[in-house]
């Protein structure tokens with residue numbers, strides 16, 4: 001069981017782990033030990049997450065979201081299988097916590113008169129700089 005916050009806990013049946021061989025350095029040991037972890041969370045079918053949270057989680061997950069609605073997190077940072085497993089679970093919990101926060105709704109505002117005048121003045125100055133870049137007449 002993975003605890004996200006006071007309200008949300010993810011049951012063990014929603015998570016599945018697969019251990020694979022890790023890439024990178026490790027000498028002869030790397031060919032023998034499956035220390036990298038692939039954590040799979042069936043997010044689309046999860047009863048513990050509300051609909052809007054699932055939508056935000058899908059957007060945050062990006063390429064880690066599969067076509068069948070699962071979130072796959074891979075970790076091969078350390079040479080310890082147990083440590084990689086903990087890191088993957090922490091990453092999942094952090095991603096879900098980010099998805100729990102609803103984005104603040106943007107309130108449309110109009111530009112102030114001063115900002116409009118500053119913008120037009122800057123455009124005029126820039127235009128004058130560009131007109132001065134014309135060809136120089138040798139008769140002057």
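The values are calculated or read from the model by the stated rules, or taken from the named source; none is laboratory data. Note that the coordinates shown come from a computational prediction; the quantities given were computed from them, not determined experimentally. Neighbour counts are summed over all protein chains in view; Cβ atoms, including those assigned to glycine, are modelled from backbone coordinates with ideal geometry.
Matching residues to (1) touching a strand residue (DSSP E or B) at 6+ places or on another chain (Cβ under 7 Å); (2) within 30 Å of residue 52 (Cα to Cα); (3) modelled with pLDDT under 90:
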residue	(1), (2), (3)
90	no, yes, no
97	no, yes, yes
108	no, yes, no
117	no, no, no
121	no, no, no
135	no, no, yes
138	no, no, yes
Go through the stretch 64-97 and give me each residue that's assigned to a helix (DSSP H, G or I), in contact with a helix residue (DSSP H, G or I) (Cβ under 8 Å, 6 or more places away or on another chain) and touching a residue at least 40 places away in the same chain (Cβ under 8 Å). 96
So which pairs qualify, if the first residue must be in the stretch 18-34 and on the phi < 0 side of the Ramachandran plot and surrounded by 14 or more Cβ atoms within 10 Å (Cβ to Cβ), the second must be at pLDDT 75 or above and in a loop (DSSP other than H, G, I, E, B), the Cβ gap must be under 7 Å, and the two must be at least 6 apart or on different chains? 19/34; 22/35; 22/76; 30/21; 30/22
Just one of 44, 61 is at pLDDT below 85, closer than 30 Å to residue 102 by Cα and surrounded by 14 or more Cβ atoms within 10 Å (Cβ to Cβ); which is it? 44
Within the stretch 99-140, take every residue that is touching a residue at least 40 places away in the same chain (Cβ under 8 Å) and part of a helix (DSSP H, G or I) and give me the one that is surrounded by the fewest Cβ atoms within 10 Å (Cβ to Cβ). 100
Among the residues of the stretch 31-58, how many are touching a strand residue (DSSP E or B) at 6+ places or on another chain (Cβ under 9 Å) and not in a loop (DSSP other than H, G, I, E, B)? 8
